[in-house]
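Structure, as structure tokens:
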Amino acid sequence: MDRADSVELRHAFGELSRALVALLQEQPTLAEGLHVFECPMTRGYGRWVQRTRTTSNPFMGGRMPMCGRRVN
């Protein structure tokens, strides 16, 4: 995969995450056991949802997997 493909995939993941985060905010019962994280270094929408409380940044690849903070 070249860099352009990875940038495009990360953008698409960000938009999917945007919809999921909005859904979880509207339906809090769906959010049980899930955590929202954000990374200030991500271009575009930089939030994602995961089950664990430890940061595992999907936007930065192997470069910075611990970049980000839990927002809920």
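Please indicate, with yes or no, whether at least one residue in segment 57-71 is loosely packed, with under 12 Cβ neighbours inside 10 Å, part of a loop (DSSP other than H, G, I, E, B), among the hydrophobic types (A, V, I, L, M, F, W, C) and touching a Phe, Trp or Tyr at 6+ places or on another chain (Cβ under 9 Å).
So the first thing to find is which residues in segment 57-71 are loosely packed, with under 12 Cβ neighbours inside 10 Å, and the list is 61-63, 66, 69, 71.
Narrowing further to those that are part of a loop (DSSP other than H, G, I, E, B): 61-63, 66, 71.
The next check asks that each one be among the hydrophobic types (A, V, I, L, M, F, W, C); those that pass are 66, 71.
Applying the additional criterion that residues be touching a Phe, Trp or Tyr at 6+ places or on another chain (Cβ under 9 Å) yields 71.
Within segment 57-71, one or more residues are loosely packed, with under 12 Cβ neighbours inside 10 Å, part of a loop (DSSP other than H, G, I, E, B), among the hydrophobic types (A, V, I, L, M, F, W, C) and touching a Phe, Trp or Tyr at 6+ places or on another chain (Cβ under 9 Å).
Could you give every pair whose Cβ atoms fall below 7 Å, whose first residue belongs to segment 43-72 and is within 23 Å of Asp2 (Cα to Cα), and whose second residue is open to solvent by 30 Å² or more (accessible area, probe 1.4 Å) and not in a loop (DSSP other than H, G, I, E, B), counting only separations of at least 6 or pairs across chains?
Once the first residue is within 23 Å of Asp2 (Cα to Cα) and sits in segment 43-72, its partners that are open to solvent by 30 Å² or more (accessible area, probe 1.4 Å) and not in a loop (DSSP other than H, G, I, E, B) give Gly44/His11; Tyr45/Glu15; Tyr45/Arg18; Gly46/Glu38; Pro58/Phe13; Phe59/Arg10.
Report, by residue number, each residue of segment 35-56 that is assigned to a loop (DSSP other than H, G, I, E, B), under 12 Å from the mean Cα position of the chain (by Cα) and farther than 15 Å from Gly14 by Cβ.
Correct list: Arg51, Thr55, Ser56.
So, in segment 2-34, of the ones that are in a loop (DSSP other than H, G, I, E, B) and either touching a Cys at 6+ places or on another chain (Cβ under 6 Å) or acidic (Asp, Glu) (or both), which residue ends up nearest to Val71 (Cα to Cα)? Break it down stepwise before answering.
From segment 2-34, those in a loop (DSSP other than H, G, I, E, B) are 2, 27, 32-34; that's our starting set.
Among the residues that remain, those that are also either touching a Cys at 6+ places or on another chain (Cβ under 6 Å) or acidic (Asp, Glu) (or both) are: 2, 32.
Numbers: Asp2: 31, Glu32: 14 Å.
That would be Glu32.
The values are calculated or read from the model by the stated rules, or taken from the named source; none is laboratory data. All figures in this text were calculated on a predicted structure; none of them were measured in a lab. Here Cβ is always computed from backbone atoms with ideal geometry, including for glycine, and neighbour counts include all displayed protein chains. SASA here: full protein model, heavy atoms, side chains in, ligands and nucleic acids out. Shrake-Rupley method; radii C 1.70, N 1.55, O 1.52, S 1.80 Å.
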